[in-house]
1. Among the residues of segment 95-107, which ones are part of a helix (DSSP H, G or I) and not hydroxyl-bearing (Ser, Thr, Tyr)?
2. Does any residue of segment 108-116 turn out to be open to solvent by 20 Å² or more (accessible area, probe 1.4 Å) and part of a helix (DSSP H, G or I)?
3. Out of (1) among the small types (Gly, Ala, Ser); (2) within 23 Å of Gly143 (Cα to Cα); (3) crowded, with 16+ Cβ neighbours inside 10 Å; (4) without any contact (Cβ under 8 Å) to a residue 40 or more places away in the chain, the odd one out for Ala45 is which?
4. Part of a helix (DSSP H, G or I) and under 19 Å from the mean Cα position of the chain (by Cα): does that describe Gly143?
5. Please specify each residue of segment 48-82 satisfying the condition of being surrounded by fewer than 16 Cβ atoms within 10 Å (Cβ to Cβ) and touching a Leu at 6+ places or on another chain (Cβ under 7 Å).
6. Of the conditions (1) surrounded by 19 or more Cβ atoms within 10 Å (Cβ to Cβ); (2) over 21 Å from Ile7 (Cα atoms), Ala103 clears all except one; give me its number.
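The values are calculated or read from the model by the stated rules, or taken from the named source; none is laboratory data. Given the structure is predicted, the values throughout are model-derived calculations rather than measurements. Every residue, glycine as well, gets a Cβ built from its backbone with ideal geometry; the counts of neighbours run over all protein chains shown. Accessible surface areas use protein heavy atoms only, side chains included; no ligands, DNA or RNA. Shrake-Rupley method; radii C 1.70, N 1.55, O 1.52, S 1.80 Å.
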Amino acid sequence: MPLTSDIVATYRGPGRVVRRLLDLGEREDRALIFVMGFCVVAFVAQLPSLARRAHLEGLELNMLMGGALLGTVIILPLFFYLLAFVSYGAARLAGGRGSAYGARLALFWALLSSTPLVLLNGLVAGFIGPGPALTFVGLIWLGVFIWFWLAGLKQTQGRAE
C-alpha cells in the first residue's frame with residue numbers, strides 16, 4: 001500500500017497497519033526512513049513558527065533554521081532510537097514477547113503517521129502563535145501519537161521473536 005494510504009488507514013486502526021508493516025519483514029532501512037521522514041516533516045512544520053519569531057523579535061531566520069535543522073534532523077532521530085529501546089525494555093518487563101525492531105517500528109510509524117497533525121500544529125504556531133489554539137492542537141497531536149504508539153506497541157510486543 002502507498003505510504004499515504006497507510007497513514008490514512010492508521011487513523012482508522014493503527015494496530016492493523018503496524019501488523020501489516022511487521023508482516024513485511026524486519027527491514028531496518030524501512031524503520032530509518034519512517035523516523036527520518038517524520039524528522040524532515042517536523043522540521044518543515046517549524047518553519048512558519050521560526051519565520052514568525054524572526055520577524056517579531058528581529059532575529060536572523062537563517063540562524064534559526066540552521067539550529068532547527070541540526071536539532072530536528074540530526075539529533076532527534078538518535079533520541080527516538082533511544083526512546084524505542086527504552087520502550088522495548090519496558091515492554092519486556094511487562095511481559096512483551098516481541099523484538100526490538102517491533103518496538104522501533106511501532107514508535108517510528110506512530111511518529112510518521114501523526115505528521116498531518118504536526119503540520120497543522122506548525123501552521124497554528126506560525127499564523128496564530130502561542131495561545132489556547134496552539135495548546136489544543138498540540139494536545140490533539142500528543143493524544144493521537146500516544147494512541148498510535150501504544151496500539152502499535154501492543155501489536156509488535158504481543159508476538160514471539
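1. Initial filter on segment 95-107 (part of a helix (DSSP H, G or I)): 100-107.
Of everything in segment 95-107, those that are part of a helix (DSSP H, G or I) and not hydroxyl-bearing (Ser, Thr, Tyr) turn out to be Ala100, Gly102, Ala103, Arg104, Leu105, Ala106, Leu107.
2. First pass over segment 108-116, keeping only residues open to solvent by 20 Å² or more (accessible area, probe 1.4 Å): 116.
After this cut, where a residue has to be part of a helix (DSSP H, G or I) as well, the list is 116.
There is at least one residue in segment 108-116 that is open to solvent by 20 Å² or more (accessible area, probe 1.4 Å) and part of a helix (DSSP H, G or I).
3. Exception for Ala45: condition (4).
4. On the way: part of a helix (DSSP H, G or I): yes; under 19 Å from the mean Cα position of the chain (by Cα): yes.
Spelling it out, Gly143 is indeed part of a helix (DSSP H, G or I) and under 19 Å from the mean Cα position of the chain (by Cα).
5. Within segment 48-82, Ala51, Leu61 meet the criteria.
6. (2)
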